[in-house]
Amino acid sequence: MRWFLLALSLLAVPTLAQTPPPPAGQAAQQDALKLGVQLYALGRYEAALELFERAVREKPQDADALYWLARAQLKVGLLNPALENAKGLVARNPRYIGGYMVLSEAYMALYRAAEDREKGKAYLEQALTVLRDAEKVNPRYAPLFAQRGLVYTLLGQLDKAEEAFRKALGLQDTPEVRLALAELYLAGGRLDEALEQYARALQLAPKDGELRVRYASALLLKGRAEDAARVLEEGHRLKPLDAEGWYTLGQAYFVLGRGKEAGVALENAVALAPLRFPAAYFYLGQVYMALGDWQKAKSRLTVAVRLEPKRAEYRYQLCLANEKLGDKEGARYQCQEALKLRPGYKEAEEVLRRL
């Protein structure tokens, strides 16, 4: 079960621990800006961008409007325009903390977009410089230190990242920073400390479904499948699970030997996201084999093999399903392919000997 640790990488952290925006200030008096902020919060970035552009045209000196314009440009991938707008915002409004924050985010976005990550680290150094300037403006602005932690995480300087996150928590305890710290500990193999931070984050944001999925995934790594299932079941009562939530709950039920419940959860996952979780089809194949439904097992395992044809264990399980259905030729082919992928695969060799 430990293979899915990869799903918990820190690549997702910048989004989850994103710097909260400063208050919109004059947004209530500016219809375009106010509506743009609302659309941005709903994830409608293209529509928000048009409104922010209009707001800037109407009031080019409005720091809030330029801040939101740069944020929206980052969301839609207009990195260089966002960078220039953020630079202009800082230059014209050196006491406006939001300008420094969005400028550092722009540099981080340029790093993530760089083909050569080593050369791209120069962008991260620029982000740190911007954040040092921001600290002179407001040395007690918690999001600043959270952002610094993310930059150090991308640089691989985990000790400095931890120090920055803890500084942020000392100023303002938020679930986003707790989550970022948990992910940092997880990446460093400090699972118990990660679980503590996930639990504290969940206390602060009990309705955050994505947080529950990450916490449950870490609990599975610890071997606490019962707790993982409970975390997700509680979450489902608060808010319906999404595809990843059903998938993770299915894994927990599978480990617990609750086959029928695992099947329901995993079928929900693949119905919501048919191509996102190849392993869900693999687990479903095993669930249906345990239930004696070999035809359904073959159907689900066939999809798993199509999605990830180089997974020897997927082909081996499909070999077994074919064998049970009397398809010796299909069984033989899948076990032979499994052996090509994993020479010395004893279980596959045993099946081939009896076919």
Does residue 85 satisfy being part of a helix (DSSP H, G or I), of a type in the set (S, T, N, Q) and loosely packed, with under 14 Cβ neighbours inside 10 Å?
-> no
Can you confirm whether the stretch 311-324 contains a residue that is part of a loop (DSSP other than H, G, I, E, B) and open to solvent by 50 Å² or more (accessible area, probe 1.4 Å)?
-> yes
Among the numbered criteria (1) at pLDDT 95 or above; (2) open to solvent by 70 Å² or more (accessible area, probe 1.4 Å); (3) not in a helix (DSSP H, G or I), which single criterion is violated by residue 115?
-> (1)
Among 300, 306, 332, 353, which is in a helix (DSSP H, G or I), open to solvent by less than 70 Å² (accessible area, probe 1.4 Å) and farther than 24 Å from residue 215 by Cα?
-> 300
When the stretch 335-350 is checked residue by residue, the ones that are of a type in the set (D, E, K, R) and either in contact with a Leu (Cβ under 7 Å, 6 or more places away or on another chain) or assigned to a helix (DSSP H, G or I) (or both) are 337, 340, 346, 347, 349, 350
Here are some conditions: (1) under 30 Å from residue 158 (Cα atoms); (2) modelled with pLDDT of 95 or more. Residue 68 meets all but one. Which one does it not meet?
-> (1)
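Here's the yes/no breakdown for (1) among the hydroxyl-bearing types (Ser, Thr, Tyr); (2) crowded, with 16+ Cβ neighbours inside 10 Å; (3) under 28 Å from the mean Cα position of the chain (by Cα):
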{"residue": "45", "(1), (2), (3)": "yes, yes, yes"}
{"residue": "54", "(1), (2), (3)": "no, yes, no"}
{"residue": "58", "(1), (2), (3)": "no, no, no"}
{"residue": "66", "(1), (2), (3)": "no, yes, no"}
{"residue": "69", "(1), (2), (3)": "no, yes, yes"}
{"residue": "122", "(1), (2), (3)": "no, no, yes"}
Within the stretch 134-165, restricting attention to residues that are farther than 17 Å from residue 194 by Cβ and of a type in the set (S, T, N, Q), which residue is least open to solvent (accessible area, probe 1.4 Å)?
-> 147
Quick one: what pairs do we get from the stretch 314-327, first residue in contact (Cβ under 8 Å) with a residue 24 or more places away in the chain, second surrounded by fewer than 24 Cβ atoms within 10 Å (Cβ to Cβ) and among the basic types (Lys, Arg), C-beta under 8 Å, 6+ apart or different chains?
-> 318/298; 319/332; 321/298; 322/298; 322/328; 325/298
Could you run through the stretch 270-290 and say how many residues are buried (at least 17 other Cβ atoms within 10 Å of the Cβ), under 22 Å from the mean Cα position of the chain (by Cα) and farther than 21 Å from residue 310 by Cα?
-> 0
Could you check, for the stretch 198-213, whether at least one of its residues is in contact (Cβ under 8 Å) with a residue 60 or more places away in the chain and hydroxyl-bearing (Ser, Thr, Tyr)?
-> no
Within the stretch 124-148, the count of residues that are aromatic (Phe, Trp, Tyr) and over 25 Å from the mean Cα position of the chain (by Cα) comes to 1
Considering only the stretch 148-164, state which residues are under 19 Å from residue 107 (Cβ atoms) and either of a type in the set (Ser, Thr, Tyr) or in a helix (DSSP H, G or I) (or both).
-> 148, 149, 150, 151, 152, 153, 154, 155, 160, 161, 164
Candidates 269, 290 - the one that is closer than 28 Å to residue 236 by Cβ and touching an Asp or Glu at 6+ places or on another chain (Cβ under 9 Å) = 269
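The values are calculated or read from the model by the stated rules, or taken from the named source; none is laboratory data. Keep in mind that this is a model prediction, so the values were computed, not measured. Neighbour counts are summed over all protein chains in view; Cβ atoms, including those assigned to glycine, are modelled from backbone coordinates with ideal geometry. Side chains are part of the model used for accessible areas, which takes the heavy atoms of the whole protein and leaves out ligands, DNA and RNA. Shrake-Rupley method; radii C 1.70, N 1.55, O 1.52, S 1.80 Å.
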